[in-house]
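Just so it is clear, none of the values below were taken in a lab; they were calculated from the coordinates. The model shown is predicted, which means the values in this text are computed figures rather than measured ones. All Cβ positions, glycine included, derive from the backbone under ideal geometry; neighbour counts span all protein chains shown.
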Amino acid sequence: MRAAPNPNGPWHIGHARMPAVIGSYKERYDGSFIVRFDDTDPETKRPDLDAYDAILDDIDYLGFEPDDVIIASDRLETYYEHARNLIDAGGAYTCSCSGETFSDLKNSGEACPHRDKDVETTMEEFEAMIDGEYSAGEMVLRVRTDIEHKNPALRDWVAFRMIDTPHPRDEAAAYRCWPMLDFQSGVDDHLTGVTHIIRGIDLQDSAKRQQFVYDYFDWEYPEVIHWGHVQVDAYDVKLSTSTLKEKIEAGELDGWDDPRAPTLKSLRRRGIRGEAVVEALTALGTSTSNVDLSMSSIYAENRELVDDEAERYFLVRDGERFEVAGGPDAGHPPLHPDHEERGERTIPATDGVVLEADDVPAEGERVWLKGYACVRREGDDLVATDDGIDVVRSGDVDVVHWAPAEDVVDVRMRSPDGDVTGVAEPDFADTAVDDVVQFERIGFARVDEHGAEESVVYWTHP
RNA sequence: GCUCCGUUGGUGUAGUCCGGCCAAUCAUCUUGCCCUCUCACGGCAAGGACCAGGGUUCGAAUCCCUGACGGAGCACCA
């Protein structure tokens with residue numbers, strides 16, 4: 001099977017569906033996984049030179065290693081050779097109608113004057129196309145299908161056209177005569193031994209178009225299934241590479257890995273594992289209707305992967321400061337509640353503490369500072385009580401997270417909903433970049449940077 | 001306009017080919033309870049769906065017809 005991306009930028013979440021499904025089928029049926037860059041339009045779908053590696057990088061992130069990587073723009077001579085064979089077989093003719101003219105004829109089921117051209121003339125004109133003797137729009141090579149076919153989409157479609165703009169890849173920059181997707185893809189699928197094709201519903205007519213070429217060559221068409229589009233909830237941004245590119249260029253997003261972008265690079269930076277993305281996407285199946293992917297299913301898969309190793313820390317957002325009277329010098333909650341052997345943290349309380357606004361108890365009420373003790377609010381002070389943990393177990397007192405008022409780590413947490421700032425307990429400075437931690441009662445986050453001014457983390461999921 | 005395709009709980013999915021084992025599976029989700037010094041993890045429970053109407057049949061989520069709704073193609077884009 002193959003994934004045939006158009007190299008126009010890094011992948012968004014929806015793109016991962018193809019490698020996710022192909023990769024898991026490959027493992028199940030001992031198949032092979034080809035990546036083929038379909039970059040045969042240097043103009044309107046102009047390839048982005050960085051995208052080839054970016055996409056391979058994304059596939060690697062997902063945890064797959066392609067068996068083969070091929071690039072269509074390396075293979076022009078192959079397509080030309082098959083076009084010559086097709087012409088010889090009477091399966092194609094050169095046509096100089098304007099797109100509009102041909103469209104009108106086609107829609108009324110009428111052949112254009114060029115359809116009856118003999119093979120020799122067609123061959124001469126096609127060689128002239130290859131030699132670049134025409135400009136864009138002057139000449140195309142059409143596949144002779146059935147001009148009266150009841151589906152107008154299948155009538156005598158274009159196989160090759162002229163493009164004046166050079167291809168961005170040096171290796172392909174000299175070519176001016178380019179195959180259309182249906183020709184290139186159809187030929188390559190056969191030549192590379194593809195047995196099963198998955199493609200989008202937007203390409204539902206492709207197999208029927210390509211079938212005409214396969215018939216001329218007496219090839220057997222692969223099994224093909226179509227699936228619908230994927231929408232992802234939880235993002236304001238449209239799932240479209242070109243839209244994302246515009247937003248990045250306009251400065252609305254910081255880059256392809258901005259946490260607000262629905263890209264794989266963004267998920268990776270947030271500490272979501274490729275495996276979780278693959279699991280969630282594979283579960284969508286391959287139905288032809290459009291599907292909505294909820295981020296919560298990716299989150300659920302990922303949480304299962306990271307929970308056991310994510311150390312716990314406290315992060316207090318917009319803290320309100322209180323002095324603490326009568327308690328111990330510090331709190332010592334464990335790094336992980338299920339793994340006491342990993343040790344405990346030390347959170348000093350002698351210089352006062354901060355609590356999140358929602359956690360501040362009313363005057364005279366009690367709250368349990370997790371890992372520390374029960375305190376009662378008396379004005380701007382929190383006075384330790386001699387309550388035991390049973391007041392928590394009985395449900396009388398809420399447990400809250402907290403941080404010292406001094407010597408904390410300033411933290412900026414970047415998330416799809418924007419940045420939030422706060423302070424983390426001192427031991428948070430011990431974490432390494434790339435660690436995924438859990439800020440208790442807030443959620444998981446990946447440590448991105450420990451800077452001089454502040455530490456930056458990326459919110460992973462609840 | 002012409003031509004394709006689809007429609008199972010909030011979301012996704014199994015079942016549809018070969019009608020009965022489906023008073024419909026699993027996951028996520030939501031809620032409640034248990035566990036717990038986290039609103040994490042774990043455990044238990046509950047909630048919630050066969051697009052509509054006809055037809056065939058002893059019997060229809062499953063087959064047929066009609067309709068509604070939704071999607072896609074009719075490009076010298078991929």
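What value, in deg cm²/dmol to 500, does the helix sum -39500 (n - 2.57) over DSSP H runs of n ≥ 4 give at 222 nm once divided by the residues of chain A? If you can, show how the numbers build up before the last one.
Details: 12 runs with 122 residues, N = 462.
That calculation yields -8000 deg cm²/dmol at 222 nm.
Largest first and in whole Å, give the semi-axes of region A:75-226's equivalent ellipsoid, each being the square root of 5 times a Cα gyration tensor eigenvalue. Before the final figure, lay out each step's value.
Working: eigenvalues 99, 85, 45 Å².
For region A:75-226, the ellipsoid semi-axes come out as 22, 21, 15 Å.
Cα axis of helix A:51-62 to longest principal axis of chain A: angle in degrees, 0 to 90, nearest 10?
Taking the Cα atoms of chain A, the angle to A:51-62 is about 50 degrees.
Only Cα pairs under 8 Å and at least 6 apart count here; give the relative contact order of chain A as a rounded whole percent. Mind dumping the intermediate values first?
Numbers: 909 pairs, mean separation 56.4, N = 462.
Across chain A, relative contact order equals 12 percent.
List A:PHE217, A:PHE160, A:PHE64 from most exposed to least, where exposure is judged by having the fewest other Cβ atoms within 10 Å.
Details: A:PHE217 15, A:PHE160 26, A:PHE64 22.
Going from least to most buried by this count: A:PHE217, A:PHE64, A:PHE160.
How big is the Rg/Rh ratio for region A:1-58, C-alpha atoms only, Rh by Kirkwood, two decimals? Intermediate values should be presented prior to the final figure.
Values: Rg = 12.2 Å, Rh = 12.0 Å.
So for region A:1-58, dividing Rg by the Kirkwood Rh gives 1.02.
Run down the lysines and flag those whose C-alpha is under 28 Å from the C-alpha of A:LYS45, throwing out any fewer than 8 positions away in its chain.
A:LYS106, A:LYS208, A:LYS238, A:LYS245, A:LYS247, A:LYS265
Determine which residues of region A:343-362 fall in the zone a paramagnetic label at A:ASP398 would reach in this model, i.e. backbone nitrogen under 17 Å from the point 7 Å along Cα→Cβ.
Residues A:354-362 qualify, since their backbone N sits under 17 Å from the label point.
Report, in debye and to the nearest 20, how large the dipole of region A:1-121 comes out about its Cα centre when Lys and Arg carry +1 and Asp and Glu carry -1 on their Cβ. Working shown, then result.
Values: 12 positive and 25 negative charges, 89 e Å.
Dipole size: approximately 420 debye.
Between the alpha-carbon centers of region A:116-184 and region A:317-347, tell me the distance in whole angstrom.
71
Using only Cα atoms, locate the centre of region A:36-113 and the centre of region A:389-462, then give the distance between them in Å, rounded to an integer.
Between the Cα centres of region A:36-113 and region A:389-462 lies a distance of 50 Å.
Using +1 at the C-beta of Lys and Arg and -1 at the C-beta of Asp and Glu, which of A:SER103, A:LEU284, A:VAL119 has the Cα lying farthest in the positive direction of the dipole of chain A?
A:VAL119
Where does each of A:ILE198, A:ILE389 land when they are ranked from fewest to most other beta-carbon atoms within 10 angstrom?
Numbers: A:ILE198 19, A:ILE389 12.
With the sparsest Cβ surroundings first, the list reads A:ILE389, A:ILE198.
Equivalent ellipsoid semi-axes for region A:327-462, as square roots of 5 times the alpha carbon gyration tensor eigenvalues: give them largest first, rounded to whole Å.
Values: eigenvalues 140, 53, 43 Å².
They are 26, 16, 15 Å, listed from largest to smallest.
Would you mind ranking A:CYS95, A:CYS112, A:CYS177 by Cβ crowding within 10 Å, fewest neighbours first? Display every interim value, and only then the final one.
On the way: A:CYS95 21, A:CYS112 18, A:CYS177 24.
The fewest-first ordering by Cβ neighbours comes to A:CYS112, A:CYS95, A:CYS177.
Throw me the Rg/Rh for chain A, computed over C-alpha atoms with Kirkwood Rh, two decimals.
Values: Rg = 30.5 Å, Rh = 26.1 Å.
Result for chain A is an Rg/Rh of 1.17.
Could you tell me the center-to-center distance, by alpha carbons, between region A:361-381 and region A:186-260 in angstrom?
Between the Cα centres of region A:361-381 and region A:186-260 lies a distance of 57 Å.
List the extent of the Cα atoms of region A:298-357 along each of their three principal axes, largest first, rounded to whole Å.
42, 29, 11
State, in angstrom, two size descriptors of region A:68-111 derived from its alpha carbons: Rg to one decimal place and Dmax to the nearest whole number.
15.1, 44
In terms of modelled amide H atoms, which long-range or inter-chain residues lie less than 5 Å from the amide H of A:HIS461?
When sequence neighbours closer than 5 places are left aside, the close amide H contacts are A:PHE444.
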